[in-house]
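What follows is a short report on a single structure.
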């Protein structure tokens with residue numbers, strides 16, 4: 001699955017915005033892009049490709065079955081994530097942010 005096929009604004013059939021239980025509003029295109037990215041990750045791509053093969057090549061499933069089968073693939077990974085996993089992700093994001101800010105600070109410092 002390629003991220004070259006991410007949804008574009010106007011290419012969606014449902015409401016253009018979604019509101020979470022926390023009150024955050026998300027553009028539907030961003031939600032669909034997030035889901036496509038998650039489903040194309042190596043952690044789940046084999047399962048997704050098997051499901052699609054069974055639908056497209058073998059004709060075993062109705063498109064609605066495919067749609068209903070995708071969410072549990074992502075949910076399963078999130079349910080197995082531990083506090084240690086979330087902490088590792090937070091640490092990596094912090095390192096990335098510091099590197100970005102360091103690059104920005106270095107660039108600003110070089111123009112003075």
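Read the figures in this text as sums done on the coordinates, not as results from a lab. A quick note: this is a predicted structure, and the numbers were derived from the prediction, not measured. Because the Cβ atoms are built from the backbone with ideal geometry, glycine has one as well, and the counts that use them run over all protein chains shown.
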Could you please rank 62, 55, placing first whichever residue has the fewest other Cβ atoms within 10 Å of its Cβ?
62, 55
Sort 47, 71 by Cβ crowding within 10 Å, fewest neighbours at the top.
71, 47
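Restricting everything to alpha-carbon atoms, can you work out Rg to Rh for region 21-74 with a Kirkwood hydrodynamic radius?
When Rh is taken as the Kirkwood radius, the ratio is 1.05.
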Could you put 69, 64 in order, starting from the residue whose Cβ has the fewest other Cβ atoms within 10 Å?
64, 69
Between residue 17 and residue 42, how many nm apart are label points set 7 Å from Cα along the C-beta direction?
3.9 nm
Rounded, prolate or oblate: which fits region 9-100 when a ≥ b ≥ c are the square roots of the eigenvalues of the alpha-carbon gyration tensor, with rounded for a/c under 1.5 and prolate only if a/b beats b/c?
oblate
Between residue 68 and residue 27, what FRET efficiency follows from the Cβ-Cβ distance if R0 is 35 Å, with the result rounded to 0.05?
0.90
Fraction in percent of alpha-carbon pairs per bin - 10 Å, region 51-106:
20, 24, 20, 21, 12, 3
